[in-house]
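Below is one structure; the comments refer to it alone.
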Amino acid sequence: MILSSFLSTWDYSPSGRIALFALVTAFLASTALAQVCTGDVLLSSQTQVDAFACSQIEGSLTIKGADITSLSPVAPLISVEGQLQIDSTSLASLRGLGALTSVGGGLFIRNNSVLASIDSLAAVTSVGGNLYVRENPLLTSIDGLEAVPSIGGTLQVQGNAALTSLHGLAAITTVGGTLKIQGNDALTSLDGLGSITSVGGTLKIQDNDMLLSLGGLSAVTSVGRDLWIAISPALTSLDGLDHITSVGSDLYIFLNEALSMCSCGLNGLISGGAFSGITGTLYFSDNDLSGTCNSAQTVLDTPCSSVAGEDDPATIELALTVSPNPLRDRAMVSFSTSEATDVLVAVYDALGRRVGLLADAPYSVGRHELAFEADSLSAGTYLIRATVGAESRSVRITLTR
């Protein structure tokens, strides 16, 4: 009725007909651009991506295909009510998803061999389910997710060999499910997780070869299930966990070869001479054998206050450099210390095994140099770590042949 009334009163003069044609054309174009697609959508080739015409999807969207190199035709998309999966593509970036604001289900970015950036996701403000960033070997950061305030399900960052920064996760305050940071070989810190206050499921930090600090977890106060800190060969303390006051199930601290001090980082879970904040099993094993992290009783017997003080070796200033890096067969390792003290300098492989000892002796104040002969080692990534008491400095090196 409204349309017929509108048309009956229209000026059908030549100029009026031209205006009506333009109006109808614009209406049809806007309708096409605003197309709502029902059900799940699968884009398995670049040809299918090129034909994409949805602005909203009332279902899930899967983008999976080795010949997919551009998402530019997906530019009208503003929302996906289900899951969004970007899997096993040849995309270098996610350019084309710049208008996307919400994902009702999970967001999965995985197995993309040349993906170097996800910053085109900067308009996304909500992810209702899980967030997985996995097995993207060239991805160096997660910049692009800064507008996402929470994750309803699991947050998993795993197996991204070149990843050095988690700053794109800086706005996230809660994780409803598990938080897993695992197998990111180049990651040295958890900076970027500093707004997270609670983890509803398991908190697992595992198998990050170059991880030096847990300081990025300093705002976390509760973990709903297990807490794992494992297979992190460069980690020397649990500082950063000290605000956690409750763990809903088990605590696992194992295979952290340089981890020598645990009581300060676990201080929030200890009360009255017991782990009162943990309801399940306590498991400490195969950490630094000279330290205090290999049994629950040893941790309890070494309270944080007993290792903090004016003469604590951790107050000694320590610096470490390696040159050249990358190297072929030989490098110079330089370290300096602000006090005369015993210094341990060792070389570790990617599995955390010690494969070389450069120094284990007392040194005077100042700068010292050591020759590192790498002839017997295979090409790959290694860690050189200098340790003075509880203070440690590490440098990741690349050995080529």
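The values are calculated or read from the model by the stated rules, or taken from the named source; none is laboratory data. What you see is a predicted model; the values in this text were computed from it and never measured. Ideal geometry is used to build each Cβ from the backbone, glycine not excepted, and the neighbour counts take in all protein chains shown.
Can you tell me which of L138, L115 is farther than 17 Å from I63 by Cβ and either part of a loop (DSSP other than H, G, I, E, B) or touching a residue at least 60 places away in the same chain (Cβ under 8 Å) (or both)? Show your work before the answer.
Numbers: L115 fails: farther than 17 Å from I63 by Cβ.
The conditions single out L138.
In segment 278-306, which residue that is part of a helix (DSSP H, G or I) and of a type in the set (G, A, S) is nearest to D239 (Cα to Cα)? Walk me through it before giving the result.
Step one: of segment 278-306, the residues part of a helix (DSSP H, G or I) are 296-301, 304-306.
Checking which are of a type in the set (G, A, S) leaves us with 296, 305-306.
Values: A296: 17, S305: 14, S306: 15 Å.
Looking at the filtered set, the residue picked out is S305.
Out of all the residues in segment 221-237, is one or more closer than 18 Å to C304 by Cβ and surrounded by fewer than 22 Cβ atoms within 10 Å (Cβ to Cβ)?
From segment 221-237, those closer than 18 Å to C304 by Cβ are 221, 227, 229, 235-237; that's our starting set.
After this cut, where a residue has to be surrounded by fewer than 22 Cβ atoms within 10 Å (Cβ to Cβ) as well, the list is 221.
Taking every residue of segment 221-237 in turn, at least one turns out to be closer than 18 Å to C304 by Cβ and surrounded by fewer than 22 Cβ atoms within 10 Å (Cβ to Cβ).
Checking T197 against (1) free of Cβ contacts under 8 Å to residues at least 40 places away in the same chain; (2) crowded, with 21+ Cβ neighbours inside 10 Å, only one condition comes out false. Which one?
Among (1) free of Cβ contacts under 8 Å to residues at least 40 places away in the same chain; (2) crowded, with 21+ Cβ neighbours inside 10 Å, the lone unmet condition for T197 is (2).
What number of residues within segment 277-329 are modelled with pLDDT of 75 or more and more than 30 Å from the chain's Cα centre (by Cα)?
7
Check whether at least one residue in segment 88-104 is polar (S, T, N, Q), out of contact with any helix residue (DSSP H, G or I) (no Cβ under 7 Å at 6 or more places or on another chain) and surrounded by 20 or more Cβ atoms within 10 Å (Cβ to Cβ), and report yes or no. I'd like the intermediate steps shown before the answer.
Initially, segment 88-104 is screened for residues polar (S, T, N, Q), giving 88-90, 93, 101-102.
Cutting the leftovers down to out of contact with any helix residue (DSSP H, G or I) (no Cβ under 7 Å at 6 or more places or on another chain) gives us 88-90, 101-102.
Filter again for surrounded by 20 or more Cβ atoms within 10 Å (Cβ to Cβ), leaving 89.
Yes, because at least one residue in segment 88-104 is polar (S, T, N, Q), out of contact with any helix residue (DSSP H, G or I) (no Cβ under 7 Å at 6 or more places or on another chain) and surrounded by 20 or more Cβ atoms within 10 Å (Cβ to Cβ).
If you scan segment 233-260, which residues turn out to be part of a strand (DSSP E or B) and either closer than 16 Å to V223 by Cα or of a type outside the set (S, T, N, Q) (or both)?
Matches in segment 233-260: S246, V247, L251, Y252, I253, F254.
F52 versus (1) in a loop (DSSP other than H, G, I, E, B); (2) in contact with a Ser or Thr (Cβ under 9 Å, 6 or more places away or on another chain): which is the lone unmet condition?
F52 satisfies every listed condition except (2).
Is it true that some residue in segment 324-335 is buried (at least 18 other Cβ atoms within 10 Å of the Cβ), touching a strand residue (DSSP E or B) at 6+ places or on another chain (Cβ under 7 Å) and not aromatic (F, W, Y)?
Here is the first cut: in segment 324-335, the residues buried (at least 18 other Cβ atoms within 10 Å of the Cβ) are 331, 333, 335.
Filter once more, keeping what is touching a strand residue (DSSP E or B) at 6+ places or on another chain (Cβ under 7 Å): 331, 333, 335.
Add one more test, that the residue is not aromatic (F, W, Y), and what stays is 331, 333.
Yes, segment 324-335 contains a residue that is buried (at least 18 other Cβ atoms within 10 Å of the Cβ), touching a strand residue (DSSP E or B) at 6+ places or on another chain (Cβ under 7 Å) and not aromatic (F, W, Y).
So I86 clears everything in (1) farther than 18 Å from L169 by Cβ; (2) outside any loop (DSSP other than H, G, I, E, B) except one condition, right? Which one?
Only one criterion is unmet by I86, namely (1).
Residue by residue through segment 164-187, note down the ones that are assigned to a loop (DSSP other than H, G, I, E, B) and either of a type in the set (F, W, Y) or more than 19 Å from W228 (Cβ to Cβ) (or both). Spell out the reasoning first.
Going residue by residue through segment 164-187, those that are assigned to a loop (DSSP other than H, G, I, E, B) are 164, 166, 170-173, 176-178, 183-187.
Of everything in segment 164-187, those that are assigned to a loop (DSSP other than H, G, I, E, B) and either of a type in the set (F, W, Y) or more than 19 Å from W228 (Cβ to Cβ) (or both) turn out to be T164, A170, A171, I172, T173, A186.
Name, by its number, the condition in (1) part of a strand (DSSP E or B); (2) surrounded by 13 or more Cβ atoms within 10 Å (Cβ to Cβ); (3) not charged (D, E, K, R) that does not hold for P362.
In the conditions (1) part of a strand (DSSP E or B); (2) surrounded by 13 or more Cβ atoms within 10 Å (Cβ to Cβ); (3) not charged (D, E, K, R), P362 misses (2) alone.
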